[in-house]
Amino acid sequence: MTKKHDLELVKVTKRYGQTVAVDAIQHRFQPSSYTCLLGPSGCGKSSTLRMIAGHESVTEGAILLSGRDISALPPAQRGTAMMFQNYALFPHLSVLDNVAFSLKMKGVDVKERHTKAGEMLELVDLTALADRLPDQLSGGQQQRVALARALITRPEVLLLDEPLSALDPFLRIRMRGELKKLQKELGISFIHVTHGQDEALALADEIVVMNDAVIEQAGSARDVFNAPTTRFVAQFMGGHNVIALPEGHFAIRTDAVAITAPQKGRLDAQVTAVEYQGTHVSLLSRITGDQEITALVPEAEYFTTPHHPGDRIGLHWDAKNLHQLTA
Amino acid sequence: MTKLTSQTGLSRRDLLKGAASTAIAAGSTTLGAPMLWAQNIKDVTLRQFGTGVSNLNDVANKVKEDLGFTLEMTALDTDSVTQRAATQPNSFDIADIEYFICKKVWAAGNMQAMDTSKIANYDKIAGTFRSGLLTPTSTIAQGTAPHTVGFTSGPNGTDFVQEESGWMTLIPTIYNADTLGIRPDLIGRPINNWSELLNPEFKGKASILDISSIGIMDMAMVVESMGEYTYPDKGNMTKEEIDLTLGIFTEAKKNGQFRAFWKSFDESVNLMASGEVVIQSMWSPAITAVKSQGVPCVYQPLEEGYRSWGGGLGISAALSGLELEAAYEYINWYLSGWVGGYLMRQGYYSAVPETSKEFMTADEWGFWYEGKAAKGDILSPTGDKLAGAGEVRDGGAFLDRMGSVVCWNSVMDENQYMVRKWNEFIAA
Amino acid sequence: MKKLLENRNVTGWLMVSPLAAVLLVFLVMPIILIIIVSFWRATEFSIIPAFEWDNYAFLFGSPVTYTVFLNTFKYAFITWAFTLVIGFTVAYYLTFHIRSQTWQIALFLLCTIPFWTSNIIRMISWIPFLGRNGIANSTLMSWGVLDEPVEWLLFSDFAVILAFVHLYTLFMVVPIFNTMMRIDRSLIEAARDAGASGVQILWNVIIPLTKPGIMIGTIFVVTLVMGDFITVRFMSGSQSANVGRLISNDIALLQYPSASATAIVLLATVLITIGILLRFVDIRKEL
């Protein structure tokens, strides 16, 4: 049973001619949660988002929101709102009018829509800039205008297409904090498309990893990071070694690999490179079968028994940290 | 500055030097001189401009053949011709212009008077251009009659004198009597008066030319024919007369009498040939052009008579030396008959009919000049058939046509006022 | 350092000087000359240097001037309205309905094909088409739409406007197309996301964002039409006049001072018109 604010994709497919962009994906989003669609470019995450928003038609399948199929509805009637990658603010309208745009389209009179837009601007803390034009704002300010414009339609689901990619790294970190906070305050679902796993980990209640038009893995940020089920997820999320063992392929976090003396661990290896990373030291080694394994050793630990390229070492881990991969 | 053909690689200066030394040599050996002139003259290029009427490539080719030098021709519309003659004396050597234009531009001093003693056929030039009298008993028509602006007081004169002074402003070459052109097939009844131009029967099918100095004269012919007013001198109206004339035509224009106005020869041909217009002011070769498309068109003689014009060749003030000699030679050749015959066969009259006659067949002479019925096909100079056996020229014989001229194209004292009123008429 | 700055200055001046020189010699000087001549006196045969206001006094005192200027504005306005609607529609279609860029370019080039022949030829070809016995009339009569030929097709204001629209629509299409192509498509999605209908998107997003292009096109069309004389002459059968014809008549009759005065007034009028237009839209963004 679907409940209110419950978004579900049912065998959603998008084809462009012969190319399949999204291949029959199936997913139910957690209500009132922050979800990240994560994947490399071309994996189908943006097409999925745009299908939910209604800016891309659904070739096959259904999109259910609060129990109704919205896949054939125009964007504005879906209960979704979208925040575009470059914010898509109307350059000829003031901040206030940008935010009030959807109300104007509905025929709300000037006074009322400006009052409401003013409230929205208060929410994103931009009241002082209401009369500016978009190109007189900084990137972060523009993003907040875009947010306010999307939220004024009172959507059940807010769709964000790479919202942070246009910002510099410092601002990006600050804004993602604001996004998360806003989502909690509003209590609606945010679906956020990104190709940065750190962004996804920082923000998401749930991460949906996509690759090659399908969902590779979905789950809480912790589950997806700690227990990747596929080789792709393990590699894409980073911080994992993928090891081929006689029993199959396994993923293990680089910081779960410990260094021992040769023959004392589970496998023997030869150090090929050492990289100092501040809190940790990354130790790259080669085991039989030409597989490379990275061990992330806390800095202090490493320097008690330092190793150098060419040294033979043993590698050890807890069996419970080993995750079998399905593909 | 005069231009010389570049084939010889000589500059004008070189040539003039050559000419000068030849002249000095000629002083000692008088006999040799003309031949040397003749050789140098081959390198001369004379630049002539004028209206399309007589600027014919056939003439340029014939000049090259007979005289050896090059004649470059530029055809322009009436206004542009006036403009050039008055403002750009260095852009031409020979001006092929009308007498009323001469009246406008002579005073600017861009042209030089010509010595009639150097014109071999001067005595054979028609009386119209000399005394003003077609026959000894003729009366002189209104307007700018050619003889009134044909002579100046001396080699450097910028005035006009009324007697044969021996110095001509233009050497006359061509003249004709203009009237209305009609499409007899589309009108289907006789047209005998200028007033028919404003007959409501031809509402939306009439045209008049948009060259103010000529158009106003056609208008005056119409106004007199309608019995609205009799001008003391159509060629020199008062402001009141101008207002009256243009007032009548403005009203007609507002009532939709006119299909269009035309400014160039081609426009008048197209209007007539396409049937957009059935009655309009027209020029003789335009009638010929319409006919040669197989469309019936008549240069209708009218009871009130003709409006006439005359053209001639003038020489740029900048010409001297060898080029001046060449220009005289060219003008003498022009009057010697070949061109006259050519123009006569287009329906114009040569200013020296006697010499032209020698270059026409008896049948052609009879048809064009004497108004006799054609005995065989009458062909245009380019070979189009213009009339068949038994046909008679519109208007008949020379004396009948030119004898019925009641006014000449002219420039009025109130020309500026007239032009402004004309603009009002066009804008109305 | 100081020397470098000086050099930089010098380089800067040197770099602008060719353009400045060209403009000075071919634009500023002629206009100054025209202004000077507009105060001269003309007789039938010659022009006399003088400083008198007669030419302007006559110009502003003559009812023809007002009729003709009014007519010129009329032509400019009607032509503008038609070229705008047609040009905008064509540009809109090319931009938003043709998906492939190859087709966009191909169709755009197709629009320019008529411009491979001269203005005059394109204009004159209308004459046999629109004439009393022309193709338009004979076709309509053979279809039974008309019993007798309609006269107003040719040598009328209709013909003048038709020719103007035909000649100048491309000048509207090009700048509008150019601005439209630069509109971020996500803006249209954003508008749709906000619930805007097609018409609302057109009115609230596309038209405001296309304004600079519209304005550039408007300036092209208005200045071309206001400066024209040949189209009006041919298509009205010389029966209508605009300012261009007034000037050309004056020139033909050697009234250079009067022509200059009219030209100066026309120039001023056009500049004022453009000035007013520019108050509405900032086209600098486009340049």
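Key figures for this structure:
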{"quantity": "Index of the failed condition, A:I63 passing every other in (1) more than 9 Å from every other protein chain (Cβ to nearest Cβ); (2) surrounded by 18 or more Cβ atoms within 10 Å (Cβ to Cβ); (3) over 18 Å from A:V193 (Cβ atoms); (4) among the hydrophobic types (A, V, I, L, M, F, W, C)", "calculated": "(3)"}
{"quantity": "Members of segment B:87-102 that are within 19 Å of the chain's Cα centre (by Cα) and either part of a strand (DSSP E or B) or surrounded by fewer than 23 Cβ atoms within 10 Å (Cβ to Cβ) (or both)", "calculated": "B:I94, B:A95, B:D96, B:I97, B:E98"}
{"quantity": "Residue match in segment B:393-402 (condition: out of contact with any Pro (no Cβ under 7 Å at 6 or more places or on another chain) and buried (at least 22 other Cβ atoms within 10 Å of the Cβ))", "calculated": "yes"}
{"quantity": "Total residues in segment A:80-127, condition within 14 Å of chain C (Cβ to nearest Cβ), not in a helix (DSSP H, G or I) and not hydroxyl-bearing (S, T, Y)", "calculated": "14"}
{"quantity": "Residue count for segment B:98-109, restricted to those that are under 19 Å from C:T43 (Cβ atoms) and more than 10 Å from chain C (Cβ to nearest Cβ)", "calculated": "3"}
{"quantity": "Residue that is within 30 Å of B:F258 (Cβ to Cβ), among the aliphatic types (A, V, I, L, M), under 15 Å from the mean Cα position of the chain (by Cα) and surrounded by fewer than 19 Cβ atoms within 10 Å (Cβ to Cβ), where the choices are C:L224, C:L267", "calculated": "C:L224"}
{"quantity": "Strands (runs of 3 or more DSSP E) fully within segment A:231-298 counting 3 or more residues that are touching a residue at least 60 places away in the same chain (Cβ under 8 Å) and out of contact with any Phe, Trp or Tyr (no Cβ under 9 Å at 6 or more places or on another chain)", "calculated": "A:248-253"}
{"quantity": "Flag if B:E72 is at pLDDT 85 or above and part of a helix (DSSP H, G or I)", "calculated": "no"}
{"quantity": "Of residues in segment B:183-213 being assigned to a loop (DSSP other than H, G, I, E, B) and within 11 Å of chain C (Cβ to nearest Cβ), the one modelled with the lowest pLDDT", "calculated": "B:I211"}
{"quantity": "Boolean, C:M235 is in contact (Cβ under 8 Å) with a residue 24 or more places away in the chain and more than 12 Å from chain B (Cβ to nearest Cβ)", "calculated": "no"}
{"quantity": "Selected residue [under 33 Å from the mean Cα position of the chain (by Cα), assigned by TED's automatic domain parsing to the domain that holds A:W317 and over 12 Å from A:L322 (Cα atoms)] from A:L245, A:L267, A:L284", "calculated": "A:L284"}
{"quantity": "Failed criterion for A:E56 (all others in (1) of a type in the set (D, E, K, R); (2) within 20 Å of C:W203 (Cβ to Cβ); (3) part of a loop (DSSP other than H, G, I, E, B) hold)", "calculated": "(2)"}
{"quantity": "Among (1) without any contact (Cβ under 8 Å) to a residue 40 or more places away in the chain; (2) at the interface with another protein chain (Cβ under 8 Å from one of its Cβ atoms); (3) crowded, with 17+ Cβ neighbours inside 10 Å - the single one C:F155 does not satisfy", "calculated": "(1)"}
{"quantity": "Qualifying residue in segment C:159-179 (condition: within 14 Å of chain A (Cβ to nearest Cβ) and in contact with a Ser or Thr (Cβ under 8 Å, 6 or more places away or on another chain))", "calculated": "yes"}
{"quantity": "Qualifying residue in segment B:372-381 (condition: away from every other protein chain (no Cβ under 14 Å), at pLDDT 90 or above and buried (at least 23 other Cβ atoms within 10 Å of the Cβ))", "calculated": "no"}
{"quantity": "Failed item, numbered, when B:Y328 is tested on (1) of a type in the set (F, W, Y); (2) over 22 Å from B:L209 (Cα atoms); (3) within 14 Å of chain C (Cβ to nearest Cβ)", "calculated": "(3)"}
{"quantity": "Residue selected from segment B:395-411 under the condition farther than 22 Å from B:F261 by Cα and assigned to a loop (DSSP other than H, G, I, E, B), by the criterion nearest to the other protein chains (Cβ to nearest Cβ)", "calculated": "B:G395"}
{"quantity": "Residues of segment B:233-274 satisfying the condition of being over 23 Å from B:M418 (Cβ atoms), part of a helix (DSSP H, G or I) and within 11 Å of another protein chain (Cβ to nearest Cβ)", "calculated": "B:D266, B:N270, B:L271, B:A273"}
{"quantity": "Qualifying positions in segment B:214-232 - more than 14 Å from every other protein chain (Cβ to nearest Cβ), in contact (Cβ under 8 Å) with a residue 40 or more places away in the chain and among the aliphatic types (A, V, I, L, M)", "calculated": "B:M217, B:A220, B:M221"}
{"quantity": "The listed residue being of a type outside the set (D, E, K, R), free of Cβ contacts under 8 Å to residues at least 60 places away in the same chain and over 24 Å from B:I140 (Cβ atoms), out of B:A252, B:A206", "calculated": "B:A252"}
{"quantity": "Unmet requirement for B:V277, which otherwise passes all of (1) touching a Ser or Thr at 6+ places or on another chain (Cβ under 6 Å); (2) part of a loop (DSSP other than H, G, I, E, B); (3) away from chain C (no Cβ under 14 Å)", "calculated": "(3)"}
{"quantity": "Segment B:136-162, residues that are in a loop (DSSP other than H, G, I, E, B) and within 25 Å of B:D218 (Cα to Cα)", "calculated": "B:S138, B:T139, B:I140, B:A141, B:T144, B:A145, B:V149, B:G150"}
{"quantity": "Answer residue from segment B:289-326, given it is of a type in the set (G, A, S) and under 19 Å from the mean Cα position of the chain (by Cα) and is nearest to B:G383 (Cα to Cα) among those", "calculated": "B:A289"}
{"quantity": "Residue within segment B:154-170 that is touching a residue at least 60 places away in the same chain (Cβ under 8 Å), closer than 24 Å to B:F249 by Cα and more than 14 Å from every other protein chain (Cβ to nearest Cβ) present", "calculated": "no"}
{"quantity": "Residues of segment B:83-97 that turn out to be away from chain C (no Cβ under 13 Å) and touching a residue at least 60 places away in the same chain (Cβ under 8 Å), as a count", "calculated": "7"}
{"quantity": "Residue that is buried (at least 16 other Cβ atoms within 10 Å of the Cβ) and either in a helix (DSSP H, G or I) or modelled with pLDDT of 90 or more (or both), where the choices are C:F108, C:F115", "calculated": "C:F108"}
{"quantity": "Residues of segment A:18-53 that turn out to be part of a loop (DSSP other than H, G, I, E, B), without any contact (Cβ under 8 Å) to a residue 24 or more places away in the chain and either closer than 15 Å to A:A218 by Cβ or more than 15 Å from the chain's Cα centre (by Cα) (or both), as a count", "calculated": "1"}
{"quantity": "Some residue of segment C:53-66 being within 21 Å of the chain's Cα centre (by Cα), within 30 Å of C:D157 (Cα to Cα) and of a type in the set (S, T, Y)", "calculated": "yes"}
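The values are calculated or read from the model by the stated rules, or taken from the named source; none is laboratory data. This one's a predicted model, so the numbers in the text were calculated from it and none came from an experiment. Note that each Cβ is placed from the backbone with ideal geometry, even for glycine, and that neighbours are counted across all protein chains shown.
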